[in-house]
Amino acid sequence: MPPARRAPRGPVHELRSTWDLPVDAARAWDVLAVASRWEQWWPQVTSQVLRPGDAHGVGTRGHLVFRAPLGYRLRLGLEVTSADPPRHVVMRSVGDLVGSAVADLTEHDGGTRVVIDWRVRLTRPELVLLGRAVPVLAERSHARVMDDGERGLRAFLADG
């Protein structure tokens, strides 16, 4: 994991993404739980698991780099702090985003709805400025990266 950075006193960003996947929750969980393989289906991500967790994934630590549409890269460490497979996971984030992410998976219309809620602060000074000056740009950038993740995952799942 990248070293923890002291979070600036900037605003907390609360961001929600909803992914609708054409598989049951167990299959969705099986793919989502392997962060080291996200780059196979998520075009803007490179990932590396630094430490595996227990049988439910709790304690898993990974390092991820997200390439944002505006040209910058977000570097963060994620650690699974709580999990209830295949329904719920909570992760702690350090690095360029300090805070947490919660994902809930529920059966929906013959597939699975994944709701991902981030509650984070930006730590890199230039990103803090961007988030304060033009918060809609930061939100749109996040939405684009997440939408691309959903599209990539849906295609990956369709290919079997």
- Answer yes or no as to whether ARG151 is of a type in the set (Lys, Arg), in a helix (DSSP H, G or I) and in contact with a helix residue (DSSP H, G or I) (Cβ under 9 Å, 6 or more places away or on another chain). no
- Might you check whether a residue that is crowded, with 16+ Cβ neighbours inside 10 Å and assigned to a strand (DSSP E or B) occurs anywhere in region 122-130? yes
- Being β-branched (Val, Ile, Thr), surrounded by 16 or more Cβ atoms within 10 Å (Cβ to Cβ) and within 20 Å of ALA83 (Cα to Cα) is the filter here, so list the residues in region 24-48 that pass it. VAL31
- Message: Can you pull out every residue in region 57-112 that is of a type in the set (Ser, Thr, Tyr), assigned to a loop (DSSP other than H, G, I, E, B) and buried (at least 19 other Cβ atoms within 10 Å of the Cβ)?
- Response: THR60
- When GLY57 is run through (1) more than 12 Å from the chain's Cα centre (by Cα); (2) free of Cβ contacts under 8 Å to residues at least 40 places away in the same chain; (3) more than 28 Å from ALA158 (Cα to Cα), the failure sits at (3)
- Task: Would you check which residues across region 31-54 are over 12 Å from the mean Cα position of the chain (by Cα), outside any strand (DSSP E or B) and touching a residue at least 24 places away in the same chain (Cβ under 8 Å) and list them?
- Result: VAL31, SER36, GLN40, TRP41, PRO43, GLY53
- Item | Conditions (1) part of a strand (DSSP E or B); (2) of a type in the set (D, E, K, R); (3) modelled with pLDDT under 95; (4) surrounded by 14 or more Cβ atoms within 10 Å (Cβ to Cβ): number failed by ARG5 | (1)
- Item | Close pairs (8 angstrom Cβ cut-off, 6 or more residues apart or separate chains): touching a residue at least 12 places away in the same chain (Cβ under 8 Å) in region 146-160, assigned to a helix (DSSP H, G or I) and of a type in the set (Val, Ile, Thr) anywhere | LEU153/VAL31; PHE156/VAL31; LEU157/VAL31
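Is it the case that region 107-120 has a residue that's farther than 21 Å from THR60 by Cβ and of a type in the set (Ser, Thr, Tyr)? Outline the logic, then answer.
Taking region 107-120 first, the residues farther than 21 Å from THR60 by Cβ are 107-111, 113.
With the extra rule that they be of a type in the set (Ser, Thr, Tyr), the set shrinks to none.
No, there is no match, as no residue in region 107-120 is farther than 21 Å from THR60 by Cβ and of a type in the set (Ser, Thr, Tyr).
The values are calculated or read from the model by the stated rules, or taken from the named source; none is laboratory data. Note that the structure is a prediction, hence the values are computed from the model and not measured. Every residue, glycine as well, gets a Cβ built from its backbone with ideal geometry; the counts of neighbours run over all protein chains shown.
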